[in-house]
Amino acid sequence: MTRALLTESAVLQPEDVRIIRALQIAPRASFAAIAAALGMTEGAVNRRYRRLRADGVVRVAGVVNPGALGQSRWLVRLRCRPGSVVAIADALAQRDDVNWVALSAAGSEITCATQSRTREQREDLLGQRLPRTAAVIDVNAFAMLRQFLGGRGHYWSALRGTLSQEEEAALGGRPAPFHRVPGGRS
């Protein structure tokens, strides 16, 4: 399988950016549906999309919803001895059951998100391996009960405003939600 890598930078035309925003809002939309919503031809959307993929500007990734498989996600915070965090973080980043890793607290803490396929895998990492690592001083693990997002396409706001409200509505987009602050005005 070949994979295009973006080595420098790509020049994007305004229509390319509109297509990328449309894909944020409706990632499974057909080229015909995107073309209709954006007032373009299906062939133009198809050509531009394929060029964006070939140039490495757009990548397609399928991600399984862990809840649908009965899996649980955990947020883990590790307090480590100075000088050991990079090696531990690197080891965690290599694991299939770790989604992301971040260093914090002036280089003495690691935060990561895990998603084990089975209870045994989770217990092996959180209950056995990490606590037995000599450089790990403390392990705090929290089960993620629910993840809150602003809805499809609203989690990344860099392209918000690229499409009109009508175009976003044609793609099935919803307006960004607002939250009422207790005792405040909205």
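Values in this text are rule-based calculations from the coordinates and carry no lab data. As the structure is a computational prediction, the values presented were derived from the model and not from experiment. Ideal geometry is used to build each Cβ from the backbone, glycine not excepted, and the neighbour counts take in all protein chains shown.
Label separation (T118 vs N65): 2.5 nm, computed from points 7 Å beyond Cα along the C-beta direction. Take the Cα of D55, step 7 Å toward its Cβ, do the same at A158, and the gap between the two points is 1.5 nm. Fewest neighbouring Cβ atoms within 10 Å first, the residues L130, L159, L78 line up as L159, L130, L78. The ellipsoid that matches the Cα gyration tensor of region 36-124 has semi-axes, each √(5λ) in whole angstrom, of 38, 19, 11, with the longest given first.
Return the Rg/Rh value of region 73-143, two decimal places, where both radii are evaluated on C-alpha atoms and Rh is the Kirkwood radius.
Values: Rg = 11.0 Å, Rh = 11.9 Å.
Ratio value, two decimals: 0.93.
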